[in-house]
Each structure stands twice: as structure tokens, then as C-alpha cells.
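The values are calculated or read from the model by the stated rules, or taken from the named source; none is laboratory data. Keep in mind it's a predicted model, so treat the numbers as computed, not measured. We place every Cβ from the backbone using ideal geometry, glycine too, and count neighbours over all the protein chains shown.
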Amino acid sequence: MAQAEATAQGHASAQGHASAQGHASAQGHASAQGQQHPIKVYLVVWGWLFVLSTMSYMVDYFHLEGYLRWSLILTFMLLKAGLIVAVFMHMAWERLTLVYAILVPPLAVLVFVTIMAVESDYTVFTRHLFLSTGQM
């Protein structure tokens, strides 16, 4: 009886080992082949890029001006860039650390450029205020 249990356990562990090997080889085959995404994802993104580009064109077509024009153009530009990076550069399927490594440095540069722009306006203002001869 003990021998029958040992034999049954041996067969079960052999089957589990074979199953694990099959699973590992399937993973190896999938990683060697690369990720496959449904074509529908790419077609939907292509459609959104077309719609956003049309909306960006319509901003000029309707002769919008000033801050509204530039805010709409920049918003559409950032949305299109986000779609391209997320889907066509496969960032949506990457590890979060890789996404941070790619997205954080440009965002930091943007923050520093904004700080420099604000600081430069302040510097110009104070120079005109204290160093000018009354003309601004």
C-alpha cells in the first residue's frame, strides 16, 4: 500500500514537472516571438490620431487666436504624443520603472524650464525697476 502511494506520488510529480517544463518552453517561445497585440488596438489609436489631427486643423480653420488657440493646439499635441508613446512604442505594456525612466526626465526638464521662465520675467522686471532711468 505504501509502495502504491509512493508510485502515485512519483507519477504526479513527474507530470507536474513535465507540465512546468511545457509552461516554461511556452513562455520562452512567446518571449522569443515577441508580444502580439490585436490589430483593433492599433486601428482604434489610428482613428483617435486622425480625429485629434482634424481637431487641431479645425483650430486654424476657425481662426481661433490667443491663449485659446495655443492651449488647444498643445492639448491635442500632447494627447497625440501620449497615444503614440503608449501604443506604438509599447509603453502601455512595459514595466512601470521603464515608463518612469522615459517619462520623468522630460517632465523634470519642463518643470525647470517653467521655473526659469518665471524667474527671467522677475529678473527683467527688477532690472527695469531699479536700474532704468524711469523708462520701461
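Laid out as a table, the results:
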| item | result |
| --- | --- |
| Residues that are in a loop (DSSP other than H, G, I, E, B) and either surrounded by 10 or more Cβ atoms within 10 Å (Cβ to Cβ) or of a type in the set (Gly, Ala, Ser) (or both), drawn from segment 101-136 | Ser132, Gly134 |
| The listed residue being at pLDDT below 95, surrounded by 10 or more Cβ atoms within 10 Å (Cβ to Cβ) and not in a helix (DSSP H, G or I), out of His17, His37, His23 | His37 |
| From Leu79, Leu98, residue being surrounded by 10 or more Cβ atoms within 10 Å (Cβ to Cβ), outside any loop (DSSP other than H, G, I, E, B) and either at positive phi or at pLDDT below 85 (or both) | Leu98 |
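Per-residue answers, yes or no, for (1) acidic (Asp, Glu); (2) more than 15 Å from the chain's Cα centre (by Cα):
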site: Lys40; (1), (2): no, yes
site: Leu43; (1), (2): no, yes
site: Asp60; (1), (2): yes, yes
site: Leu68; (1), (2): no, yes
site: Val87; (1), (2): no, no
